[in-house]
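The values are calculated or read from the model by the stated rules, or taken from the named source; none is laboratory data. None of the values given here were measured: they were computed from a predicted structure. Cβ placement follows ideal geometry from the backbone for every residue including glycine, while neighbour counts extend to all protein chains displayed.
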Amino acid sequence: MGVMSGKRSVLKIDITDEEIIKRLREHRFGKNIENLHCVYCGSKKVIKYGWRHETRRYKCKACGKTFTDTTGTIFENSKIKPSTWLLIAYLHLKLRLTTSAIARAVGMPYKTVWNAIKKIQEAAMFFHGLAEVQRRLQVNKILCQCQIKGKK
Ligand SMILES: [Zn+2]
């Protein structure tokens, strides 16, 4: 169990969390948010309502609720970063690696990864949809070039 020494290699993807949130926003609401709608009531009477970190916030004038780019997705209120979610999803859904192999690859505890994979399975459509957007924007190529981040 000497893996906790910080000497292990950790797999990273070459896309920032900000970029992923932007892709997610385009995936859900359209490139110029032309498909923007309330995630609660479906109304199109939605206004931009500031930002929360890199996620845009919206307010629905029909039901009065506010939501963000990540509301109702796996990224919402998650301690796991979007880039890590994507990486785990890629390793699981596409490469079919085992949970322990993924845990080693991303440098996270087995239990955390196991729980993440369970959620990814439930949200598989979401990740396939996101991958579709990435393919169109040729970001998929970057995702495939998962690079081993060498130790210092
Ligand atoms: Zn609404």
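Here are some notes:
- Residue list for region 30-53, restricted to those being away from the ligand (no atom under 14 Å from the Cβ) and either assigned to a loop (DSSP other than H, G, I, E, B) or out of contact with any Ser or Thr (no Cβ under 7 Å at 6 or more places or on another chain) (or both): Gly30, Lys31, Asn32, Ile33, Glu34, Asn35, Lys48, Gly50, Trp51, His53
- For region 54-75, a tally of residues being under 26 Å from Ala124 (Cβ atoms) and out of contact with any strand residue (DSSP E or B) (no Cβ under 8 Å at 6 or more places or on another chain) returns 6.
- Among (1) modelled with pLDDT of 90 or more; (2) crowded, with 20+ Cβ neighbours inside 10 Å - the single one Thr99 does not satisfy: (2)
- Residue check for Thr112: within 23 Å of Ala123 (Cα to Cα), away from the ligand (no atom under 16 Å from the Cβ), surrounded by fewer than 17 Cβ atoms within 10 Å (Cβ to Cβ) and modelled with pLDDT of 90 or more: yes
- Among residues of region 54-93, those that are without any contact (Cβ under 8 Å) to a residue 24 or more places away in the chain and either outside any strand (DSSP E or B) or not hydrophobic (A, V, I, L, M, F, W, C) (or both), counted: 11
- Note on region 1-18: residues that are surrounded by fewer than 17 Cβ atoms within 10 Å (Cβ to Cβ) and at pLDDT 75 or above total 2.
- Being modelled with pLDDT under 90, small (Gly, Ala, Ser) and either surrounded by fewer than 21 Cβ atoms within 10 Å (Cβ to Cβ) or over 24 Å from Lys119 (Cα atoms) (or both) is true of Gly72.
- Qualifying residue in region 2-14 (condition: under 20 Å from Gly129 (Cα atoms) and touching a residue at least 12 places away in the same chain (Cβ under 8 Å)): yes
- Taken as a whole, the condition of being under 24 Å from His128 (Cβ atoms), away from the ligand (no atom under 16 Å from the Cβ) and polar (S, T, N, Q) does not apply to Thr71.
- Output for region 25-53, where each listed residue is at positive phi and touching a residue at least 24 places away in the same chain (Cβ under 8 Å): none
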